[in-house]
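A short worksheet on the structure shown next.
Taken together, the values in this text are just the output of simple stated rules run on the coordinates, not laboratory data. No experiment lies behind these values; they were computed from the predicted model shown. Heads up, the Cβs are rebuilt from the backbone with ideal geometry, glycines too, and the neighbour counts pull from every protein chain shown.
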Amino acid sequence: MLKLAALTLRHRAGSAVATLLALAAGVMILLSMGTLVESGLRYQPHPVRYEKSAVVVANRDITFTTKEFDGDVSRDTVPLPEGGTVPAELIAEIRAVPGITGVTADDSGTHPGRVEAIAVATSDPAAVAAVQRLATAAGVKAYTGKDRGLLEQPDGAATRDLLIAIGASFGGYVGLLIVFVVAGTVGLAVRHRRRDLALLRAVAATPGQVRRMIVLEAALMGVIAAVLGVPAGLLATSWVHDQLVHRGFLAADFPIVTGVFSAPAAVLLIVLVAVCSALIAARRVTGIRPAEALGEAAIEPPASSKVRLIAGVLTLAGAGGSSTVAVSTGGETALTGAIGMLYLFVLGVALLAPWINTLGARLLTPALRRVFGTSGYLAGANLRANARGMSAVLTALVLSIGFGCSVWFLQDNLQRGTVTQRADGTLADRALIAPAGLPGTVAGEVQAVPGVQAVTPVRRTSVLVKLLDSGEQVEAQAVDPTTATETIDPQVREGSLRDLDDHSIAVSRLQAGSHRWKVGDDVKLWLGDGTPVTMRVAAIYDRGLGFGDVMLTTHAVEGHTRSPLDDQLLIRSKPGASVDSALGSIAARYPGASVVGADQLSGRLAKDLALSAWLNKLLIGVMVGYAALAAANTMVMAALSRRRELALLRLVGVTRRQIKNMVHAEQAGLLGVALVIGAAIAAVTLTLVVYALTGDPLPYIPPLGWAAVLGGTTLLALVATVLPVGRLLRAAPLEHMGSKE
């Protein structure tokens, strides 16, 4: 049976190569992403400074607990963005524990009454247990063994979290896309072999034998794909690692594993999807009598399953429900609903593709006939007759257009929205910045400069809020409320920044929508070092992308950040005042400090955003590229499967030119339907996400980007169909009449 499976693959080189490309590319992508995630999960640095300390008491994360409806308790541990501290009185309590031979405190002196960590030397297991109990009672943690290395190297721990976050945020979407593409490609390849499978049934092959042959073929393709995809995946991982290091995402010495677990997992997933897809595609031929199978193989099945129709309608209804959530809730919930909606729409189109093709062919036949003449009539008739067979082509085109016009343009909208909001909301005309930060006294020096109207110190930080059953890190900035209204305008829609004090916060519309916060509500959150606070909502503003989702007073975060220094000073001068010389003199007293204009501040932000967006665009580009590969594969396979059909047309008198025009008309019809549906899906998804994040009713679409998607899809459709058909037409028609489909 294995030999038969290998022979069938050898004699179907076209479809085999197309399927192999999809499988190998899937293995490569899954392995590359899986290796990065695996590297993060397996990262365990060896402690150096804490090597001789049996236990280290510190506070580096916080655990959120939620009681479920069934009584179970779920826990979610989130790293503290500013790094937590430990009560200083714990030092004396630990020293009093019998068996302790040494206690050393890490104290930066910036947190009165607290220290960063306590290193404990002991060889007594009972003493270690006692220290752990003291730490738990104080609300902090005791780190032992390899955990000391992560504690000692916070940058490495942050890198580990980044790599794991890549898998958490994109892994599901990429995996689903690969499953979708592999299933469609393998299924199409098997459906094109209905005649062969029916002949096997007619010569006494049992359904079980046919199924075993299909399973072996799929497994054999998976093995070959692994041989090609695994080395390619390792090379891709090496390139991505170099790029991440070059752009500052990863330290050069961060270890990347060789994919010991990722490679088998990627290959196993691809093989399983290929086998299951092949069996599902062949279930009709293997489930009926041989004579019926041979008869059905001669023509396209007349109708699709009612179950498929119902499933497609329900899926589209689910996509509509996601759009309702995105419009009504706003915030992070809206973002999640809108992204999921993209997949639901594409899946719905895939299920309803036979009916969409039939309707599209009926509507387009008159137009195709007017433009292409007799060839247009033949194209319309063929699209109607082969509506089910062309479903995979329509789905692949919609998939590539939908992804290309939505997820890629989304990143452009986020960057554009952030820079625009920051520029429009900055009332200051200058800023004093320093890489190492500025002492709090500098604001007073600048304010004393003649001609300076207002100075607002800004300190960037993060806070933690509870969202459903997990903790969420939210970007925040601390400002001086007495001058903030003169230097920034976050576009307050409710409340006032003048009401901001040490016991209140201002929040973005995005966060307010996610948590259903209103002005005057008391909300619980955690500062960057894990300190729990209850704050009153003083204002809700629209420009959350430009100014962060939470705004606090500088005094409220004092002692709760890693550094006591301000990140920048926003300066607003009086009209006509000349302050550059005096400000330059102040800047010269602090290392690396400089005075920049407000426009330069926006330019720096745009540059930083472009750097941080590179990783997202890389992952999105992989998804769009794989979708385009799927579309090309599908169209090539569909074209090569038409040998006998095109040969028959030539034998009954249709010229090569008429056949080429017919193919052009078919592609124009299919491409037109795919463009309308794909663009509609992308427009709905992009509009809802952009509205949820920025409040803008219309998204920004780069003209060149839109032209690239339309032109690229059109070129892809023509090249992937016209070239294979031209190759088929070069041979004599009698050569193809007796060939396989």
With the crude spin-label approximation of a point 7 Å out along Cα→Cβ, what separation in nm comes out for residue 562 versus residue 204? 7.6 nm
J(HN,Hα) series, the range 459-471, from Karplus relation 6.51 cos²θ - 1.76 cosθ + 1.60, nearest Hz, glycine and proline x: 10, 7, 7, 9, 10, 10, 10, 8, 10, 6, 10, 9, x
On full extension of the chain, what length is gained from residue 683 through residue 644, given 0.36 nm per residue of separation minus the C-alpha to C-alpha distance? 10.0 nm
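Below 8 Å between Cα atoms, with a sequence gap of 6+, how large is the relative contact order for the chain in percent?
Rounded, it is 17 percent for the chain.
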Provide the FRET efficiency to the nearest 0.05 for the residue 136-residue 710 pair, computing r from the beta carbons and using R0 = 60 Å. 0.50
Using eta = 0.692 mPa s and T = 37 °C, Stokes-Einstein with Kirkwood Rh from Cα pairs puts D for the range 681-734, in µm² s⁻¹, at 231 µm²/s
Packing rank of 267-273, 654-660, 305-311, where each peptide gets the mean count of other beta carbons within 10 Å, highest leading: 267-273, 654-660, 305-311
May I ask you to give the average projected area over all directions of the convex hull of the Cα atoms of the range 370-438, in nm² rounded to one decimal? 10.2 nm²
Length-normalised contact order of the range 440-589, Cα under 8 Å, at least 6 apart, in percent, tallies to 34 percent
DSSP-defined antiparallel bridges as percent of all bridges, the chain, nearest 5: 85 percent
Once fully extended, how much extra length lies between residue 223 and residue 105, figured as 0.36 nm per residue of separation less the alpha-carbon to alpha-carbon distance? 36.9 nm
Checked the range 341-469 against the a/c 1.5 cut and the a/b vs b/c comparison, axes a ≥ b ≥ c from its Cα gyration tensor; verdict prolate
Quick one: 3J(HN,Hα) in Hz for the range 682-689, Karplus 6.51/-1.76/1.60 with θ = phi - 60°, rounded, Gly and Pro as x. 5, 5, 5, 4, 5, 4, 5, 5
From largest to smallest, what semi-axes in whole angstrom does the chain give when each is the square root of 5 times an eigenvalue of its alpha carbon gyration tensor? 58, 33, 22
Need one number: nm distance between label points at residue 92 and residue 606, each 7 Å from Cα along Cα→Cβ, rounded to one decimal. 5.8 nm
Could you give each residue of the range 133-148 its phi-based ³J(HN,Hα) in whole Hz, using Karplus coefficients 6.51, -1.76, 1.60 with θ = phi - 60°, and x for Gly or Pro? 5, 5, 5, 4, 5, 8, x, 10, 10, 10, 9, 10, x, 6, 4, 5
Under 1.5 on a/c is rounded, so check that first for the range 440-589, then, if it is not, pick prolate when a/b is larger than b/c and oblate when it is not; a ≥ b ≥ c are the square roots of the alpha carbon gyration tensor eigenvalues. prolate
Theoretical gain in end-to-end length, residue 155 to residue 75 [0.36 nm per residue, Cα-Cα removed]: 26.3 nm
List the residues whose amide H sits under 5 Å from the amide H of residue 528, counting only those 5 or more places along or on another chain, with H placed 1.01 Å from N in the peptide plane. 462
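For the range 395-513, just say rounded, prolate or oblate: build the C-alpha gyration tensor, square-root its eigenvalues into a ≥ b ≥ c, call rounded for a/c under 1.5, and beyond that prolate if a/b exceeds b/c, oblate if not.
Working: a/c = 2.43, a/b = 1.81, b/c = 1.34.
Cα axes put the range 395-513 in the prolate bin.
What's the FRET efficiency of residue 652 with residue 723 using the Cβ-Cβ distance as r and R₀ = 25 Å, to the nearest 0.05? Spell out each step's value before the answer.
Numbers: r = 25 Å, r/R0 = 0.98.
E between residue 652 and residue 723, to the nearest 0.05, is 0.55.
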Given a Förster distance of 30 Å, report the FRET efficiency between residue 499 and residue 473 from their Cβ-Cβ distance, rounded to the nearest 0.05. 0.70
Which three lengths, in whole Å and largest first, does the range 55-152 cover when its Cα atoms are put on their principal axes? 47, 33, 24
Nonlocal amide H pairs with residue 55, under 5 Å, H built at 1.01 Å: 120, 122
Listed highest first by mean packing, meaning other Cβ atoms within 10 Å per residue, what order do 663-672, 149-158, 586-595 come in? 663-672, 149-158, 586-595
Which value in nm describes the separation of the simple spin-label points at residue 613 and residue 41, placed 7 Å from the Cα toward the beta carbon? 3.2 nm
Output for the range 24-71: GluC sites (Glu not before Pro) sitting in coil per DSSP, at most 11 other Cβ within 10 Å, listed by number, reads 51, 68
What residues have an amide H closer than 5 Å to that of residue 453, excluding those fewer than 5 places away on the same chain, when H is modeled at 1.01 Å from N in the peptide plane? 572, 573, 574
The chain, helix-only ellipticity at 222 nm - DSSP H runs n ≥ 4, -39,500 (n - 2.57), divided by all residues, nearest 500: -20000 deg cm²/dmol
Expressed to one decimal in nm², the mean projection of the alpha carbon convex hull of the range 500-623 is 11.2 nm²
